[in-house]
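> Can you read through this structure? Questions will come right after.
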Amino acid sequence: MIWGSRTPVDGYTSYSVAADRPLRAGIGLRAQHQEELLQKRPAVGWIEAHSENYFAAGGVQRQYLEQLRSIYPLSLHGVGLSLGSTDPLSRAHLQQLANLVRQFEPLLISEHLSWSSVDGRFTNDLLPLPYTEEALRHLVFRVCYVQEILGRRILIENVSSYLQFRHSTLAEWEFLTELADRSGCGILLDINNAYVSAQNHGFDPKVYLRSLPVAAVEEMHLAGHMARRIGERQLLIDTHNQRVCDAVWELYAFAVQLFGRVPTLIEWDADIPALEVLVAEASKADRIAEHKHVIAA
């Protein structure tokens, strides 16, 4: 089955993941920027909305999303499915997501390689999985189920981690590669998350990137992080509250040489700056991607 191609709905343009991916970098949609985006229409390639923020029927937020979707290609990025949990997948959540997908026809749909609930209780975090064959089979089944419900291929994003499970038998990149191969999902490669986890756990992030299947990487994320000392150890924390650091920009340039110019997003979820700051970060991503793509070609 081919995920991605859809027919136009309610006058919206249909975007095919394979053919119509925006080459310019995009930005996350935040409430304080909605009106300015409509008025100024900055030259960003696309916008990403957090799916759960738009589940409520009607209202001002849905109106803004409808207007902005007519200007920019849209990606829906979920944080609440808890794909890695052993709790049953929420039918109500999936139905609301399916309704959102049908109405807005997003270019891309994504979720996380994580879990966040147990026995119906949710944490406010995206927690890492044990990378075992048992967990892999569980994820493959659930990702396939979600794709069947939505009628679309979804992308799965790697998350930042601060602890590892001793009984993991696969490296994270091996787990993600197998998940994409067995379920048919794509990969949302978060460059910042790969860098943060690499620094926290002592592996080479370039080994991570080189190990992923090129055809499966359909989107990238860039964000900022902070260093914090916890006891005797310094950890990098994925905070999304500042500019992308030089080391992550360098890793992004390396990723472009590997995967080409796939849709890239600037994430900034806390201490949100003026819109022009996000646009400038997106423009920097474009310059790096264009330079490295020309070299690779």
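> Which condition from (1) closer than 23 Å to L139 by Cβ; (2) in contact (Cβ under 8 Å) with a residue 24 or more places away in the chain is the one that A198 breaks?
Only one criterion in (1) closer than 23 Å to L139 by Cβ; (2) in contact (Cβ under 8 Å) with a residue 24 or more places away in the chain is unmet by A198, namely (2).
> Does S160 meet the test of being of a type in the set (S, T, Y), touching a residue at least 60 places away in the same chain (Cβ under 8 Å) and either surrounded by 15 or more Cβ atoms within 10 Å (Cβ to Cβ) or farther than 22 Å from H50 by Cβ (or both)?
Yes; evaluated as a whole, the condition is true for this residue.
> Looking only at residues in segment 37-58 that are exposed (fewer than 12 other Cβ atoms within 10 Å of the Cβ) and of a type in the set (A, V, I, L, M), which one is nearest to E281 (Cα to Cα)?
A43
> Quick one: is D238 of a type in the set (D, E), over 21 Å from L23 (Cβ atoms) and under 16 Å from the mean Cα position of the chain (by Cα)?
On the way: of a type in the set (D, E): yes; over 21 Å from L23 (Cβ atoms): yes; under 16 Å from the mean Cα position of the chain (by Cα): yes.
Answer is yes for this residue.
> Looking at L136, L163, L129, L189, can you tell me which residue is in contact with a helix residue (DSSP H, G or I) (Cβ under 7 Å, 6 or more places away or on another chain) and modelled with pLDDT under 95?
On inspection, the qualifying residue turns out to be L129.
> While we're on this one: Return yes when S183 is surrounded by fewer than 22 Cβ atoms within 10 Å (Cβ to Cβ), of a type outside the set (D, E, K, R) and closer than 29 Å to V244 by Cβ and no when it is not. Step through it out loud before you land on a result.
On the way: surrounded by fewer than 22 Cβ atoms within 10 Å (Cβ to Cβ): yes; of a type outside the set (D, E, K, R): yes; closer than 29 Å to V244 by Cβ: no.
No; evaluated as a whole, the condition is false for this residue.
The values are calculated or read from the model by the stated rules, or taken from the named source; none is laboratory data. Remember, it's a predicted structure, so these values are computed and weren't measured experimentally. Neighbour counts are summed over all protein chains in view; Cβ atoms, including those assigned to glycine, are modelled from backbone coordinates with ideal geometry.
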